């Protein structure tokens with residue numbers, strides 16, 4: 001992890017790798033890296049937020065490839081997998097919730113052609129299921145905007161973890 005004081009001075013390739021673990025969108029990582037130096041965390045997050053609001057559909061699709069299905073434990077020992085496991089730690093592991101999430105994920109993927117993405121930090125399994133079911137009723141454009149917003153929230157949450165660790 002790279003604290004704020006190091007973000008301003010760390011080598012470009014090291015920072016880029018860390019930023020891509022937050023959100024696998026190279027243009028976002030480039031914008032955050034090129035915004036250096038940052039006077040404080042708020043200015044860093046402001047640049048990251050502005051860059052995340054410009055995600056293209058192709059960039060969202062790329063980033064989604066790095067996210068496991070909600071309710072599934074991310075595999076691997078990397079930073080992204082560890083963050084995902086932590087973010088989903090409040091999702092209930094009871095059998096019924098797991099089954100409902102599995103069925104909801106299948107319905108969502110059939111409907112939209114991608115994994116269901118939600119910033120799960122602090123949400124219960126029931127809250128996630130309610131959101132999943134509600135979002136199944138979205139039209140394609142509305143859902144694309146919701147997914148981009150959820151990805152933005154996850155990217156900023158992870159970036160905050162980087163600087164506050």
Residue in the range 73-89 that is buried (at least 17 other Cβ atoms within 10 Å of the Cβ), in contact with a helix residue (DSSP H, G or I) (Cβ under 6 Å, 6 or more places away or on another chain) and either more than 17 Å from residue 157 (Cβ to Cβ) or at pLDDT 95 or above (or both) present: no
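Per-residue answers, yes or no, for (1) under 18 Å from residue 44 (Cβ atoms); (2) touching a residue at least 40 places away in the same chain (Cβ under 8 Å); (3) in contact with a helix residue (DSSP H, G or I) (Cβ under 6 Å, 6 or more places away or on another chain):
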{"residue": "115", "(1), (2), (3)": "no, yes, yes"}
{"residue": "119", "(1), (2), (3)": "no, no, yes"}
{"residue": "126", "(1), (2), (3)": "no, no, no"}
{"residue": "139", "(1), (2), (3)": "no, no, no"}
{"residue": "142", "(1), (2), (3)": "no, no, no"}
{"residue": "154", "(1), (2), (3)": "yes, yes, no"}
{"residue": "160", "(1), (2), (3)": "yes, yes, no"}
{"residue": "165", "(1), (2), (3)": "yes, yes, no"}
Quick one: which helices (runs of 4 or more DSSP H) lie wholly within the range 1-67 and hold at least 1 residues that are loosely packed, with under 14 Cβ neighbours inside 10 Å, on the phi < 0 side of the Ramachandran plot and modelled with pLDDT of 95 or more? 12-22, 26-34, 41-52, 57-64
Among what's in the range 120-152 and is at pLDDT below 95 and crowded, with 20+ Cβ neighbours inside 10 Å, pick the residue that is nearest to residue 95 (Cα to Cα). 125
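The values are calculated or read from the model by the stated rules, or taken from the named source; none is laboratory data. None of these values were measured; they are calculated from a predicted model. In this analysis, Cβ positions are derived from the backbone assuming ideal geometry, glycine residues included, and neighbour counts consider all displayed protein chains.
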